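A quick write-up on the structure given underneath.
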Amino acid sequence: MQQTGLSPDFTFLERVEAAGPFHATECFQCRKCTNGCPASFAMDLFPDQVIRLALLGQKQEVLSSQTIWVCAACETCSTRCPNGVRIAELMDHLKEMAVKEGVPSPQPQVLALHQSFLENVRLTGRVFEGALLPVFLLRSGQMRSKIEKGTWRDEARLGWKLLRKKRLSLLPTVIKGRGEISAILRPSK
Amino acid sequence: MKVTYYPGCSLEGTARDYADSIHAVCSSFGIELEEVPDWNCCGATAAHSINHKAGVELPVRNLKLAATVANSEMLVPCPLCFNRLKTAVWQLGGESSSRFQAEVGSRAPRIWDLANYFAGEEMLRKMEAAVTKPLEKLKVVCYYGCMASRPPEITGAADHENPQSLDLIVKALGATPLAWPYKTDCCGASLMISRPDMGYRLVGKLYDMALRVGAEAVVVSCQMCQSNLDMYQDKIEAEMGRKFSLPIIYFTELIGLACGVPGAEGWLSRHFTDPLPLLRRTGIAY
Ligand code: SF4
Ligand code: SF4
């Protein structure tokens, strides 16, 4: 964690909790959330530290952290917290806030996958897996490096195998209520 | 008996093996599946991660559509869909709240995680009676993953740290479910695509423990867990410099095998890590 001197945003917690409640103020720093977190090895801030920094109004620290993006949304922390802090849901809210406020994700491929997925659903109402991976690879900029390194063959082989095993549709299913879905998922940024 | 059915997107695609086994097994037990008309994607991890509003509205549309079908129960095979639907109910304030009544109506079916439905007392008895080929020599671990259990106030899971549904089903079929500590540990879900290094590490840990307790296969009810543990197994083996050769089998496929439901070997042949050698060795398949 990088210390940048204290410049707390005192309204941050209030705004965050208004979207919840996530009960962050109930936290007594027991670290049970962190001890059971399967993704902590990839985090720069541990889950309990995210809560503590949010309480201290350290908005930039949490919004730009790796943690909110590498969280696997497994709900272990929220389930085990003795004080009912909804940590996993708070992580989601912080991701959404980061996107809205234009804080670049330090894990751009994680964001790109979520965006590709929702874009995919917006068009037809259901996920069309046949397009999800290629669009994600393009969107996250991985397609180019995969072509350069020749590792695109791994994905192609996987797709081909799925196709042969009749586990990949070639055409999307378009639902009748597609209009409703695109209204729900209208890009809001 | 008619029940409503919400398959979810992956059962139309990469989890068609699961879907086929569900249809065949349900029909062999006289359960008629009626699909939610014009259902849509539940939004999955993507929606709840970066678009909270859509993460509620997408499943709510499905709840509304499900309420138009005249059945009192709805089966949901995908634990992530199950979780999103249940979370939406919770966010509306629960079935009895005025908001839920206004938005969804009073005819919403009870939402069942498919494995929990099959682990009900009556179903277990029916299954035991239908077994024609007990899976006696098969030792497995049951892997539940996250979403059917957590958080328990939303999923209604009875024992969220040590769920039993799959263990009970496996036992009813004559196989041995081994005790292991990773029943509800995370497989990494969509991180397998966006952060494969994280996915490999989480799944590698599961393989290692499964083998340490003496399992020959992993039984699952989640198609996300299945694909994360099955499709990338050779890559994870290469990465870890170790052979695992662990078939990842849906509980419905096991029911099909034990109860002689036609098609079982066909579903299993669509997996990546071939379960047939194990099933032959244990006298289950020929
Ligand atoms: S488990 Fe709950 S109380 Fe304990 S540190 Fe985490 S958020 Fe705070
Ligand atoms: S939901 Fe995220 S922060 Fe909480 S335990 Fe799981 S991975 Fe860790």
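The values are calculated or read from the model by the stated rules, or taken from the named source; none is laboratory data. Small disclaimer: the values here were computed from a predicted structure and weren't measured. Reconstructed Cβ throughout: ideal geometry from the backbone, glycine too, with neighbour counts over all protein chains shown. Side chains are part of the model used for accessible areas, which takes the heavy atoms of the whole protein and leaves out ligands, DNA and RNA. Shrake-Rupley method; radii C 1.70, N 1.55, O 1.52, S 1.80 Å.
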Looking at region B:234-257 only, could you name the residues that are part of a helix (DSSP H, G or I) and over 22 Å from the mean Cα position of the chain (by Cα)? B:ASP234, B:LYS235, B:ILE236, B:GLU237, B:ALA238, B:GLU239, B:MET240
Provide a single number: the residues in region A:153-189 that are more than 30 Å from B:LYS53 (Cβ to Cβ), open to solvent by 100 Å² or more (accessible area, probe 1.4 Å) and facing chain B (nearest Cβ under 8 Å). 1
Which residues, counting only those in region A:113-132, are part of a helix (DSSP H, G or I) and within 22 Å of A:LYS95 (Cβ to Cβ)? A:LEU113, A:HIS114, A:GLN115, A:SER116, A:PHE117, A:LEU118, A:GLU119, A:ASN120, A:VAL121, A:ARG122, A:LEU132
Would a scan of region B:30-40 turn up a residue that is more than 10 Å from chain A (Cβ to nearest Cβ), touching a helix residue (DSSP H, G or I) at 6+ places or on another chain (Cβ under 7 Å) and open to solvent by 10 Å² or more (accessible area, probe 1.4 Å)? yes
Condition (residue is open to solvent by 20 Å² or more (accessible area, probe 1.4 Å), away from chain A (no Cβ under 14 Å) and not small (Gly, Ala, Ser)) applied to region B:141-163: is it met by at least one residue? no
Among the listed residues A:LYS95, A:LYS32, identify the single one that is more than 15 Å from ligand 1 (Cβ to nearest atom) and not assigned by TED's automatic domain parsing to the domain that holds A:SER140. A:LYS95
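Inside region A:133-144, can you point out the residues that are within 14 Å of chain B (Cβ to nearest Cβ) and either of a type in the set (Lys, Arg) or assigned to a helix (DSSP H, G or I) (or both)?
Of everything in region A:133-144, those that are within 14 Å of chain B (Cβ to nearest Cβ) and either of a type in the set (Lys, Arg) or assigned to a helix (DSSP H, G or I) (or both) turn out to be A:LEU133, A:PRO134, A:VAL135, A:PHE136, A:LEU137, A:LEU138, A:ARG139, A:GLN142, A:MET143.
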Residue count for region A:35-63, restricted to those that are within 11 Å of ligand 2 (Cβ to nearest atom), in a helix (DSSP H, G or I) and within 14 Å of chain B (Cβ to nearest Cβ): 5
Looking at (1) away from chain B (no Cβ under 14 Å); (2) within 11 Å of ligand 2 (Cβ to nearest atom), which is the only condition A:LYS32 fails? (1)
So A:VAL110 ticks every box in (1) away from chain B (no Cβ under 11 Å); (2) part of a helix (DSSP H, G or I); (3) within 16 Å of ligand 2 (Cβ to nearest atom); (4) not small (Gly, Ala, Ser) but one. Which box is left unticked? (1)
Restricting to region A:35-52, name every residue that is within 13 Å of ligand 1 (Cβ to nearest atom) and either of a type in the set (S, T, N, Q) or without any contact (Cβ under 8 Å) to a residue 12 or more places away in the chain (or both). A:ASN35, A:SER40, A:GLN49
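Residue-by-condition table, conditions (1) surrounded by 24 or more Cβ atoms within 10 Å (Cβ to Cβ); (2) more than 21 Å from B:PRO152 (Cα to Cα):
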site: B:GLY43; (1), (2): yes, no
site: B:GLU57; (1), (2): no, yes
site: B:LYS64; (1), (2): no, yes
site: B:PRO79; (1), (2): yes, no
site: B:THR87; (1), (2): no, no
site: B:GLU95; (1), (2): no, no
site: B:ARG99; (1), (2): no, yes
site: B:ASP113; (1), (2): yes, no
site: B:TYR117; (1), (2): no, no
Among (1) under 29 Å from B:ILE193 (Cβ atoms); (2) β-branched (Val, Ile, Thr); (3) within 14 Å of ligand 1 (Cβ to nearest atom), there is one condition A:THR25 misses while meeting the rest; what is its number? (1)
For region A:79-90, give me each residue that is in contact with a Phe, Trp or Tyr (Cβ under 9 Å, 6 or more places away or on another chain) and near ligand 2 (Cβ under 7 Å from one of its atoms). A:ILE87
State yes or no: is B:ASP17 within 14 Å of chain A (Cβ to nearest Cβ) and open to solvent by 10 Å² or more (accessible area, probe 1.4 Å)? no
Can you run down the residue pairs with Cβ atoms below 7 Å, 6 or more apart or on separate chains, where the first is in region A:58-73 and polar (S, T, N, Q) and the partner is away from ligand 2 (no atom under 12 Å from the Cβ)? A:GLN58/A:PRO8; A:SER64/A:VAL103; A:SER64/A:PRO106; A:SER65/A:ASP44; A:GLN66/A:ASP44; A:GLN66/A:PRO106; A:GLN66/A:GLN107; A:THR67/A:ASP44
Give the residues of region A:4-29 that are among the aromatic types (Phe, Trp, Tyr), more than 16 Å from ligand 2 (Cβ to nearest atom) and either surrounded by 15 or more Cβ atoms within 10 Å (Cβ to Cβ) or at pLDDT below 95 (or both), sorted by residue number. A:PHE10, A:PHE12
Residues in region A:64-78 that are within 14 Å of ligand 2 (Cβ to nearest atom) and either open to solvent by 30 Å² or more (accessible area, probe 1.4 Å) or modelled with pLDDT under 95 (or both) total 1
